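Let me begin by presenting the structure, written as structure tokens, before commenting on it.
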Amino acid sequence: MNQQNQITQDPRPFVKMHGLGNDFVIFDGREDRFDLSPDGARFVADRHRGVGCDQVITLWPSNVGDVFMRIQNADGSEVGACGNATRCVAHMMLQEFGADKITIETLAGLLHAERNGQQVRVDMGEPRLDWDQIPLAREMDTESVELVVGGLGNPVAVNMGNPHAIFFVDSVDGIDLEELGPQIETHELFPERANVSIVEKRGPGDLRLRVWERGAGITQACGSAACAAVVAASRRGLVERAAAIELDGGTLVMAWAEDNHVMMTGDVAYVFAGHVFAPFNLEGHDDRERR
């Protein structure tokens with residue numbers, strides 16, 4: 001069947017945004033409970049046949065926050081948290097509501113965001129550090145995980161709404177993340193797969209970070225990985241619970257506060273708005289209770 005014959009849906013409006021180059025296609029499903037199947041998300045995220053993005057975001061109504069944010073990776077899988085997407089959605093909602101603060105519900109819990117000048121600050125919640133909270137396949141010290149892959153070893157494991165493995169290296173430029181990232185993401189030690197970060201300390205409170213995102217590959221930035229990196233670096237004694245983290249797409253200001261919450265501050269940007277047809281059934285038909 002050719003693509004033209006496959007298109008059965010009406011065009012759907014969307015907004016394209018990015019946070020430090022980590023880009024998102026955002027759909028508003030608050031009025032009609034619009035949902036995306038995994039096939040639909042993969043099509044929208046395709047940079048050749050769809051709109052193109054790292055993650056697809058769908059907004060739903062929330063009974064406990066101002067909005068619920070659903071996050072699907074480029075491969076169609078669903079995840080609990082995305083820091084850069086949270087900042088983008090927060091910016092949209094702050095403008096829509098004319099507010100200074102907003103609460104966003106996610107699968108990982110409630111996230112609180114606020115204006116910070118021209119930037120957005122998000123409380124990304126508390127890191128989970130126990131082995132079964134990551135989760136790992138077996139019990140071990142998450143500050144020194146027993147794992148070596150292709151010269152990368154001894155990572156710190158942190159869950160910031162999704163699992164992260166953080167490796168500290170002398171130079172991020174010397175690591176073939178495109179080769180090693182998928183091997184570590186799908187390693188048997190991570191039953192739910194893992195985001196893979198390599199971190200280089202460049203000075204006091206200054207970290208360089210590159211990320212292989214679970215289900216998306218190498219991205220320009222990853223907010224939850226930046227959260228995990230500041231927690232991991234603090235646990236290793238490399239920073240004093242705060243850092244400016246330089247990613248491929250720009251810099252995030254991170255702080256692991258004394259109340260155990262991780263605060264993230266950074267830029268957001270609008271790219272364009274449009275409408276998209278989809279050659280797959282966009283409507284989800286699972287039986288989960290919609291928020």
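So is Gly65 on the phi > 0 side of the Ramachandran plot and more than 16 Å from the chain's Cα centre (by Cα) or not?
Spelling it out, it is not the case that Gly65 is on the phi > 0 side of the Ramachandran plot and more than 16 Å from the chain's Cα centre (by Cα).
Looking at the stretch 102-156, which of the residues that are under 25 Å from Gln72 (Cα atoms) and free of Cβ contacts under 8 Å to residues at least 12 places away in the same chain is surrounded by the most Cβ atoms within 10 Å (Cβ to Cβ)?
Among residues in the stretch 102-156 that are under 25 Å from Gln72 (Cα atoms) and free of Cβ contacts under 8 Å to residues at least 12 places away in the same chain, the one surrounded by the most Cβ atoms within 10 Å (Cβ to Cβ) is His112.
I need a count of the residues in the stretch 50-75 that are more than 19 Å from Pro13 (Cβ to Cβ) and either of a type in the set (D, E, K, R) or open to solvent by 10 Å² or more (accessible area, probe 1.4 Å) (or both).
Qualifying residue count for the region: 8.
How do the pairs read when you match residues in the stretch 236-260 that are over 20 Å from Asp141 (Cα atoms) with residues anywhere that are hydroxyl-bearing (Ser, Thr, Tyr) and open to solvent by 40 Å² or more (accessible area, probe 1.4 Å), using Cβ under 8 Å and keeping only pairs 6 or more apart or on different chains?
Ala244/Thr251; Ile245/Thr251
Test of understanding: among Gln95, Gln72, which residue is out of contact with any Phe, Trp or Tyr (no Cβ under 6 Å at 6 or more places or on another chain) and either among the acidic types (Asp, Glu) or under 21 Å from Asp46 (Cα atoms) (or both)?
The match here is Gln72.
Within the stretch 185-200, restricting attention to residues that are within 17 Å of the chain's Cα centre (by Cα) and part of a loop (DSSP other than H, G, I, E, B), which residue is farthest from Phe168 (Cα to Cα)?
Glu192
Suppose we keep only residues that are assigned to a helix (DSSP H, G or I) and open to solvent by 10 Å² or more (accessible area, probe 1.4 Å) within the stretch 157-178. Which one would you say is farthest from Val89 (Cα to Cα)?
Gly174
Which residues, taken from the stretch 10-49, are surrounded by fewer than 24 Cβ atoms within 10 Å (Cβ to Cβ), under 27 Å from Trp212 (Cα atoms) and among the charged types (D, E, K, R)?
Answer for the stretch 10-49, where residues must be surrounded by fewer than 24 Cβ atoms within 10 Å (Cβ to Cβ), under 27 Å from Trp212 (Cα atoms) and among the charged types (D, E, K, R): Lys16, Asp35, Asp39, Arg42, Asp46, Arg47, Arg49.
Every residue in the stretch 235-250 that is surrounded by 20 or more Cβ atoms within 10 Å (Cβ to Cβ) and farther than 18 Å from Cys53 by Cα, please.
Val239, Ala243, Ile245, Glu246, listed by residue number.
Looking only at the stretch 179-215, count how many residues are open to solvent by 30 Å² or more (accessible area, probe 1.4 Å) and under 22 Å from Gln133 (Cα atoms).
Of the residues in that region, 9 qualify.
The values are calculated or read from the model by the stated rules, or taken from the named source; none is laboratory data. A quick note: this is a predicted structure, and the numbers were derived from the prediction, not measured. So basically every Cβ, Gly included, is an ideal-geometry build from the backbone, and we count neighbours across all protein chains shown. Side chains included, ligands, DNA and RNA excluded: accessible areas come from the protein's heavy atoms. Shrake-Rupley method; radii C 1.70, N 1.55, O 1.52, S 1.80 Å.
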